[in-house]
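Taken together, the values in this text are just the output of simple stated rules run on the coordinates, not laboratory data. This structure is a prediction, so every number in the text was calculated from the model and none was measured. Counting neighbours? That spans all protein chains shown, and the Cβs are built from the backbone with ideal geometry, glycine included.
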Amino acid sequence: MKNLSLMLLILSLTLTTGCSWMGFGDDEPAEEESAGLTEKDFYEKIQSSLNASNWNVAISNLQLLESQFPFGKYAEQGQLELIYAHYKSGDYESSIASSDRFVRLHPQHPNVDYAFYVKGLSQISQTTSFFDSFIPTDASMRDIGEARTAFATLTELLSRFPKSPYAADARKRLVNLRNQLARAEIHVANYYFSRSAYLAAANRGQYVVQNFQQSPAVPDGLAVMAQAYYLLEMQELADNSASILAANYPEHPSLDENGDFDFERRLLGDQDSWLDKVSFGLVKQAKPPKFDSRIIYDKMTREAELEGGTQDQSNEKRSIWNKLTFGLLG
């Protein structure tokens, strides 16, 4: 029994020492370290942590600064820097909460536009995942709730502070968010086609055309409308949509060589189904319409395809270990 107690004591000392050696436990600053410091000295200490990208220590000290000097000279600036530190540490929810709190407490602050900006960045960051750095993913296929809130936040930033130093970057990010939201609507329309919900698909296409007029998804929105109205036996509306598509986007894949919309086409891809292959093409399985012309009209998608083609050629020479370790091992 005595040996067991001794072993447990040694194990606990080893774990405590190991955590300290690995750096765990050092992030939480002791409150005694700030005792006796003036507000200015304490703030300069926080700046050292921020400059060293030691975000956890900076966050703890910024929270301590506000509790010790709630009405001090650096209180409001400390709240802004807390928003930034949370964002850089990857704690986007805390960054958003801190931004909302700052706007609520200081709506007339000269730097309140910064709170809106970092809030938008945090919301955008929540639309991505860790694996996006390694695996190509389609953000428009995910839940677009955060993309919508980010769009609303940056739109409010531009409407309230059009001359903000963050306005130019916010506009660029809004373009990407708008394209993502528009493409998500097309994905939903394609799903409605698979469920034979043609009216719902037509409404999604119409929504894209009316609300995202300059996005690369507009051609597919028109194609969705044309096909859906045709399936609803509303030929006049289908022809109108098809004529607008042909006049403005003659390269759309749903148009034939004469520029006519191929209403009867069901398989809008190059791959045959398993039933086609098994029957050597004797049995054709009809598929619902599916529209995705990003490779033609979306500049980012075209560039990604070109880069992907170059990488595919180089990947042929890579070993299996190189692929599995994302290039860490040859």
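Summary of computed values
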item: Asn248-Lys287 FRET efficiency (beta carbon distance; Förster radius 22 Å; 0.05 resolution); result: 0.25
item: Residue exposure sequence - Met234, Met225 - by fewest surrounding Cβ within 10 Å; result: Met234, Met225
item: Fully extended contour minus Cα-Cα distance, from Glu264 to Lys163, at 0.36 nm per residue; result: 31.2 nm
item: Fewest-first ranking of Val208, Val175, using other Cβ atoms within 10 Å as the exposure measure; result: Val175, Val208
item: Calculated FRET efficiency for the pair Gln213/Ser67, C-beta based, R₀ 45 Å, to 0.05; result: 0.35
item: Exposure proxy order (Cβ contacts within 10 Å, fewest to most) of Ile244, Ile186, Ile144, Ile83; result: Ile244, Ile144, Ile83, Ile186
item: Förster radius 30 Å - calculated FRET efficiency between Leu37 and Ser125 (Cβ-Cβ, nearest 0.05); result: 0.35
item: Formal net charge of residues neighbouring Tyr43 (Cβ-Cβ distance under 13 Å; K, R +1; D, E -1); result: -3
